[in-house]
Structure formats: C-alpha cells, structure tokens
1. Counting heavy atoms of the protein chains only and a 1.4 Å probe, report the per residue accessible area for the chain as a whole number of Å².
2. Tell me the mean residue ellipticity at 222 nm calculated for the chain from its helices only (DSSP H runs of n ≥ 4, each -39500 (n - 2.57), averaged over every residue, nearest 500).
3. Charges only on Cβ, +1 for Lys and Arg, -1 for Asp and Glu: so what's the dipole of the stretch 136-186 about the Cα centre, in debye to the nearest 20?
4. Could you tell me which of 314, 388, 299 has its Cα farthest along the dipole of the stretch 296-434 towards the positive end, charges placed at Cβ (Lys, Arg +1; Asp, Glu -1), taken about the Cα centre?
5. Given that compact globular proteins tend to follow 2.2 N^0.38 Å, what is the ratio of the alpha-carbon Rg of the stretch 250-335 to that value?
6. Mind running the shape call on the stretch 207-312? Use the C-alpha gyration tensor, a ≥ b ≥ c as the square roots of the eigenvalues: rounded below 1.5 for a/c, prolate if a/b tops b/c, oblate otherwise.
7. Place the peptides 195-207, 367-379 in order of packing, highest mean first, counting for every residue the other Cβ atoms within 10 Å and averaging per peptide.
8. Using only Cα atoms, what Kirkwood radius does the stretch 48-204 have, in angstroms?
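The values are calculated or read from the model by the stated rules, or taken from the named source; none is laboratory data. This structure is a prediction, so every number in the text was calculated from the model and none was measured. Please note: Cβ atoms are built from the backbone with ideal geometry, for glycine as well, and neighbour counts cover all protein chains shown. What goes into the accessible areas is simple: the full protein's heavy atoms, side chains included, and nothing from ligands, DNA or RNA. Shrake-Rupley method; radii C 1.70, N 1.55, O 1.52, S 1.80 Å.
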Amino acid sequence: MRLMLISALMIGVVAAVRATQQGPPRLSPEAEELQKRFPYPVIRDQRGVVPPGPRPLPSPPLGDGPWVFSTFEQRDIKVSVVTKGLSHPWSLAFLPDGSILITERVGRLRVVRNGVLDPTPVPGTPQVLSRATMAGLMDIALHPDFARNNWIYISYHKPLAPGVAANAVLRGTWDGKALTDVHDVFVSDDVDTEASRIVFGKDGMLYMGIGGPGTGPHVSVDRAQHTNDLAGKVLRLKDDGSVPPDNPFVGKSGYKPAIFTIGHRVQLGLTLNPFTGEIWEEENGPNGGDELNVLKPGHNYGWPIVSYGRDYNGPRFPPSAPGFEEPVVFWVPSIAASGLMFYSGDRFPGWKRNAFVGGLREGEVAPSGQLQRIVFNDKWEELRRESLLRDLHQRIRDVRQGSDGLLYLLTDEDPAALVRIEPVAPASSAGATRPSRRADSTFTS
C-alpha cells in the first residue's frame with residue numbers, strides 16, 4: 001500500500017511538472033476563428049492553478065446490497081440497488097408510468113422500466129461535448145404540463161469547435177420510447193462554461209444554472225461578475241427559451257436580459273423549495289466553501305470576490321463583503337456538493353422539510369462520497385446536518401424524491417448505480433448488510 005501511494009504521488013508530481021513546462025493550449029483553426037468573438041480564452045490555460053498531489057483513490061465496487069443504516073431522526077433505513085451498468089450519470093426524472101429517465105454525461109439518455117435498465121440508449125439525443133466531469137449531457141426536467149404535451153428538457157454542452165462548446169437546452173417530445181421533435185430552445189452565446197442544472201419554478205419559468213470557470217486565469221474566473229457574460233449565472237427563461245419581460249435586468253444597459261442572479265461558481269444543484277416556492281441553488285466552492293443559496297432576483301452571490309473556501313494553492317478568499325448574498329449553508333471542508341432536493345413526502349415523516357445534498361468527495365480526499373441531510377427551523381435557518389451513506393464510499397451525483405415518496409440516488413461512477421432509500425423497521429433488517437466501518441473495505445451483500 002505504501003509503495004502504491006508513493007507511486008501515485010510521483011505520477012502526480014511528474015504530471016504537474018509536465019503541465020508547467022507546456023505552453024498554452026493549442027487551438028484548432030475552427031477554435032481560433034471562434035476566439036475572435038470572445039474577450040476571454042475559449043480554451044483555458046490551466047497551468048499552475050492546482051498544486052501537484054497524489055492521484056485520488058478510486059471508489060470501491062458497489063455490492064448488490066441491500067444495506068441497513070441507522071439515522072438520527074428516521075431510525076433505520078434500507079439502501080437498495082435498483083440497477084447498475086450506468087456510466088457517469090448526471091440526473092434523473094420520473095415519468096408518470098413509473099419509468100425513470102437518466103442522463104449520462106457522455107451523451108446518452110437511458111430508461112429504467114420496472115427496475116430494469118434498457119441496454120439500448122433512448123434515440124433522439126444530440127451530439128455533445130463530454131469533457132472531464134463538468135461537460136456533457138447534463139440535467140433533465142419534465143415540463144410542468146407534461147401530462148398534456150409530453151415535453152422533456154435536457155441541458156447539454158453543444159459542440160461549436162474542437163474542444164469548445166456552449167451550454168444549451170433542448171426540448172423533445174417523449175413518445176414512450178424515444179425523443180421526437182428534438183430542437184434547441186436555448187443556446188448560450190458564451191463558451192468555456194461548465195456544468196448546468198435546470199428546474200421549472202412555480203411561476204412556470206425554466207431556471208438554468210451555467211457554471212463559471214472554477215479555476216484558471218483571472219480573465220476566465222472573473223467572468224462570473226461580468227454582467228454581459230452568462231458564465232457563473234442563473235438564467236430565467238420561458239418554456240420556449242425566450243426571455244420573460246419581468247426578468248431583473250431586462251432593458252438595463254450592459255446586462256444580458258436572461259440573467260436572474262450573478263456571481264456563482266459551478267452550480268451542481270438547483271431545485272424548487274416546495275414549501276416556500278423559492279429556487280434554491282447549491283454550488284461548489286474552490287478548496288472548501290461549497291454553498292447552499294436562496295436565489296433572489298438580481299442579487300450577486302460573490303464568486304470569485306468572496307468565498308468561504310481557499311484557492312487551490314492555499315490562500316484564503318475574503319469570506320464576505322457588503323453587496324453580496326450570504327449562503328444559507330456552507331461547507332468547510334468542501335463535500336463537492338452535487339444534487340439537491342427538499343423532502344416533501346410521507347414515507348419519511350422525520351425528514352419532512354429537510355434538504356438532501358449529494359457529495360462527491362470531502363476535503364479534496366477520495367473516496368469519501370456521501371449524502372447529507374440538513375434540518376432547518378421555521379425560518380429556514382440551519383439547525384443540524386447528518387452525513388449518510390459514507391460507508392459505501394460512492395460519489396453521489398444526484399438525489400431526487402420519487403413519485404412513491406422514496407429517495408433515489410445516482411452514483412457518479414463507471415459503472416454507476418441507481419440506488420433507492422426506504423424506511424425499514426429495525427426488526428425487519430434481517431438479511432441486510434450493515435457495512436463495515438473500515439474505510440478501505442469493498443462492500444458486497
């Protein structure tokens with residue numbers, strides 16, 4: 001084990017040295033032509049922005065389960081694998097017939113029927129630029145009037161040139177087997193932007209997060225504060241992709257009218273709080289400083305001027321300053337928060353009004369994925385939080401409440417799994433596995 005860690009460390013150091021010796025990224029002729037349109041690099045120079053370190057340990061293979069865990073308010077819960085065989089899934093949506101649609105970052109849309117993953121991807125998805133962990137086929141949402149129109153919305157990275165893409169949203173009609181009449185309702189006029197989440201609000205509008213560059217030179221990272229740039233913003237759109245006339249910056253010089261809020265880093269969670277009607281957003285900080293925010297029209301959330309995290313090379317950011325919204329919850333160290341929902345069902349009475357946040361890793365150390373539960377008071381101030389499922393050592397990409405009132409999770413692995421959480425009486429836990437506390441265990445049922 002010691003030799004393996006030393007080897008991993010040396011590989012990381014060599015890779016970092018090579019990166020610093022290389023020049024800026026080379027652009028294809030198509031990208032060079034595209035570069036003329038933008039005041040920022042269309043492909044970032046990432047030299048020196050992250051210090052060298054050991055390669056992260058992979059997550060252990062997930063067993064077949066089920067597993068039983070004891071939790072604080074709910075007592076025992078059972079965690080079961082619905083299906084495996086997914087590749088870096090990003091999001092999921094529940095159809096009225098009980099089927100589940102799942103997006104995979106590489107560009108595939110999958111369907112699970114009666115707990116069985118269809119081996120054939122759903123036809124109709126477009127070509128995407130899938131790169132690292134922050135680009136590809138992203139979030140999925142059903143239109144509020146899906147029962148009548150069968151419209152499905154998916155956010156993705158639309159290729160424009162080799163290595164260059166724009167965030168986009170497509171709308172397709174679900175015919176039970178495929179997406180038909182697929183077309184873009186929105187294509188960003190900015191590039192080199194990162195992950196995307198989408199959600200419909202109670203006002204019927206489509207809210208879309210467009211992640212700003214989280215690392216890189218100032219000319220890239222500072223874009224989250226530029227009001228004529230969609231990087232690091234949450235947008236508010238009509239269901240046809242047009243701009244509502246009551247958006248906060250409509251008609252204001254120097255502002256793109258689709259912008260709803262500014263000053264975000266990489267938004268990996270976006271959801272409707274069903275108890276307040278507000279849109280809540282969760283974003284990754286740098287090294288620490290993940291945030292959970294309530295979105296208020298026209299407000300600025302501070303990145304990269306303020307953050308409760310550190311620069312990856314060590315220095316702290318100022319945590320707050322006048323004129324910037326404070327987060328409702330923040331994480332130090334970071335859990336690489338991804339996925340967000342509020343529980344409103346009846347199957348877990350002790351969890352009603354709780355927020356659930358997926359975590360990919362904690363404190364820049366892997367494998368330390370988890371699911372966090374946050375309890376609020378009547379004023380939506382944090383009271384406590386509980387870390388769940390850490391013993392499975394899986395990266396959690398998304399969490400949703402199913403139509404059956406249970407919780408469903410996607411692991412961000414390859415292969416990945418769709419996992420279900422349900423309540424269980426302590427006496428009925430026979431036959432289920434309680435995972436070992438050893439951090440290096442490989443779990444099987």
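1. For the chain, the per-residue accessible area is 43 Å².
2. My calculation for the chain gives -2000 deg cm²/dmol from helical runs alone.
3. 40
4. 388
5. 1.13
6. Judged from the Cα gyration tensor, the stretch 207-312 comes out oblate (a/c at least 1.5, b/c at or above a/b).
7. So the peptides 195-207, 367-379, ranked by packing, come out 195-207, 367-379.
8. Across the stretch 48-204, the inverse of the average 1/r is 17.7 Å.
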